[in-house]
1. Could you please let me know if Glu18 is surrounded by 14 or more Cβ atoms within 10 Å (Cβ to Cβ) and either farther than 28 Å from Leu69 by Cβ or touching a helix residue (DSSP H, G or I) at 6+ places or on another chain (Cβ under 6 Å) (or both)?
2. For region 52-62, give me each residue that is assigned to a loop (DSSP other than H, G, I, E, B) and loosely packed, with under 15 Cβ neighbours inside 10 Å.
3. Can you name every residue in region 23-51 that is exposed (fewer than 11 other Cβ atoms within 10 Å of the Cβ) and of a type in the set (D, E, K, R)?
Amino acid sequence: MTEETASPDPKTLALCPECQAGVLHLQQITYFTWLNSELVTVPNFPAWVCDVCGRREYDERAVIWLNTLLNPDAGRRLPAHRRPGRSARPRPVRPQP
């Protein structure tokens, strides 16, 4: 007879660090943040929410991804290091006959 071990639910994180009574569950919520003077809302954002006190801990990978998207420099190429070309090198002076 084999005993099956119950695997933890991937949508349940742990005991709530705020109230110490609830359990954090993965939910899709609307995330609000300010970008300069504009309010940005992101629907269906993953967060761990306590079933007792309602504390929210946002999914770390999703926050990093969102910050990358909202970065004003996203998609811009970094300036390349310019190396002097052949025309910028001093040419040796050849004596004229």
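1. yes
2. Val52, Cys53, Gly54 - these are the residues of region 52-62 that are assigned to a loop (DSSP other than H, G, I, E, B) and loosely packed, with under 15 Cβ neighbours inside 10 Å.
3. Listed by number, the list holds a single entry, Glu38.
Bear in mind these aren't lab numbers, they're just calculated from the coordinates by the rules spelled out. Keep in mind that this is a model prediction, so the values were computed, not measured. As a convention, Cβ positions derive from the backbone with ideal geometry for all residues, glycine included, and neighbour counts pool all protein chains shown.
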